[in-house]
Amino acid sequence: MPQRRNVTLLVRLGKKRDHIVKMETEGFLTHLGQHIPSGASALIAPLIEGFNFSLMVTNERKTKHGDYRFPMRSSDPHKISVNGTLNKYAFLLTFLHEIAHMHAFEKYGKRIKPHGMQWKRTFTKIARPFLKSRMWPEDITEVLQNYFVNPKASSAGDLALTRVLRSYDEIQDLYLEDLDLGAAFYIGGPSGRLFEKGIKRRTRYLCKELGTRREFTIHGMAKVFIED
């Protein structure tokens, strides 16, 4: 178990050094409250007590919602990052996902698999009070009850969870699964690569890049763009 002590937590709002802010636990929880559901900070407080870690609230990353890096030396902090563009329910789930990595490392060491049974058990245990306290809306809670039977390495790997979480986004993006068969769409923005949607293969669609006529399988939850 980590030594109980007063720790300084590092919150990094973006990548610029002048956005680095050091704060004690109380201030950290106040800041974190801007990104998570009301009341969740009180449940998070005992999870971070005594830990030395940094949190980076980042801009959107296309390949992941969050990240965890264990300390290389005993004096180094655990490093956690979470996309600041996530809605408050997705942010909370992602933050707990990464906190579970920190707890699993402290208890089992660095030789465990990143998303093995030790992490799964830890994540499920950590999340249980949040589920009981209804920190997520009823529809998300219902999906999470099934998700935590065997948590995946990424919430994006659970289509039901991804769909219900994205329904709370302030800006409703367009995803490949929303398009009709044969529809043309762009990946990577309105000026990105142009594709045509093809048939579904489990969670992915066989799509043809119109510029090269090459075929690619693209996940149904990929964010896409279409011409107005």
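Along the Cα-to-C-beta direction of SER38, a point sits 7 Å from the Cα; which residues of the range 121-161 have their amide N less than 17 Å from that point?
Zone members listed by number: 133-138.
Run the numbers for PHE225 and GLN172: contour at 0.36 nm per residue of separation, minus the present Cα-Cα distance, in nm.
17.9 nm
Hey, quick one: spin label on ARG163, modelled 7 Å out along Cα-Cβ, who in the range 200-215 has an amide N within reach, i.e. under 20 Å?
200-206
In nanometres, what is the gap between the two model label sites at SER133 and LYS64, each 7 Å from Cα along Cα-to-Cβ?
According to this spin-label approximation, the distance is 2.7 nm.
Report, in deg cm²/dmol and to the nearest 500, the calculated mean residue ellipticity at 222 nm for the chain, where each DSSP H run with n ≥ 4 adds -39500 (n - 2.57) and the sum is divided by the residue count.
Per the formula, -10000 deg cm²/dmol.
From the backbone phi of the range 188-203, what are the Karplus-calculated ³J(HN,Hα) couplings (6.51 cos²θ - 1.76 cosθ + 1.60, θ = phi - 60°) in whole Hz, Gly and Pro given as x?
In residue order, the calculated couplings are x, x, x, 10, x, 6, 9, 10, 10, 6, x, 6, 8, 10, 6, 9 Hz.
What nm distance separates the two modelled labels at THR141 and ARG204, each placed 7 Å from Cα along Cα→Cβ?
Modelled inter-label distance: 3.7 nm.
Straight-line reach from LYS208: which aspartates and glutamates have Cα under 16 Å away, leaving out those fewer than 8 places along the same chain?
Answer for LYS208, where 16 Å is the Cα cut-off: GLU177, ASP180, GLU196, listed by chain and number.
Give a residue-ordered list of calculated ³J(HN,Hα) values for the range 66-81 (Karplus: 6.51 cos²θ - 1.76 cosθ + 1.60, θ = phi - 60°; whole Hz; x for Gly, Pro).
x, 7, 9, 10, 6, x, 7, 10, 4, 8, 7, x, 5, 10, 10, 10
Pop out the ³J(HN,Hα) list for the range 145-153 in order, Karplus 6.51 cos²θ - 1.76 cosθ + 1.60 with θ = phi - 60°, rounded to Hz; leave Gly and Pro as x.
Each residue's phi maps through the Karplus curve to give 4, 6, 4, 7, 5, 7, x, 8, 4 Hz.
Between GLU215 and PHE148, what is the spin-label point distance in nm, taking each point 7 Å from the Cα along the Cα→C-beta axis?
4.2 nm
Rounded to the nearest angstrom and ordered from largest down, what semi-axes does the equivalent ellipsoid of the chain get from its C-alpha gyration tensor (root of 5λ)?
Over the Cα atoms of the chain, the ellipsoid semi-axes are 35, 19, 17 Å.
Given a cut-off of 27 Å, name the pairs among LYS120/LYS200; LYS88/LYS120; LYS107/LYS152 whose C-alpha atoms lie farther apart than that in the structure shown.
LYS120/LYS200
Over the range 139-203, what relative contact order in percent results from Cα pairs under 8 Å that are six or more residues apart?
RCO, the range 139-203: 20 percent.
When averaged across all projection directions, what area in nm² does the alpha-carbon convex hull of the range 176-219 cover?
Result: 2.8 nm².
Give me the percent of Cα-Cα pairs in the range 20-135 that sit more than 20 Å apart, rounded to a whole number.
Roughly 40 percent, once rounded to a whole number.
Quick one: length gained pulling SER191 to LEU47 fully straight, 0.36 nm per residue minus the C-alpha distance?
Stretched fully, the SER191-LEU47 segment lengthens by 47.5 nm.
Can you find, among PHE91, GLY39, HIS65, the residue farthest towards the positive end of the dipole of the range 8-166? Put +1 on the C-beta of Lys and Arg, -1 on that of Asp and Glu.
Value computed over the given set: HIS65.
Need one number: the % of Cα-Cα pairs in the range 81-180 sitting beyond the 15 Å mark.
63 percent
What's the Kirkwood radius of the range 141-228 in Å, using all Cα pairs?
So the Kirkwood estimate lands at 14.1 Å.
Coordinate-derived values only; no laboratory data. Keep in mind that what you see is a predicted model, and the values were worked out from it rather than measured. Counting neighbours? That spans all protein chains shown, and the Cβs are built from the backbone with ideal geometry, glycine included.
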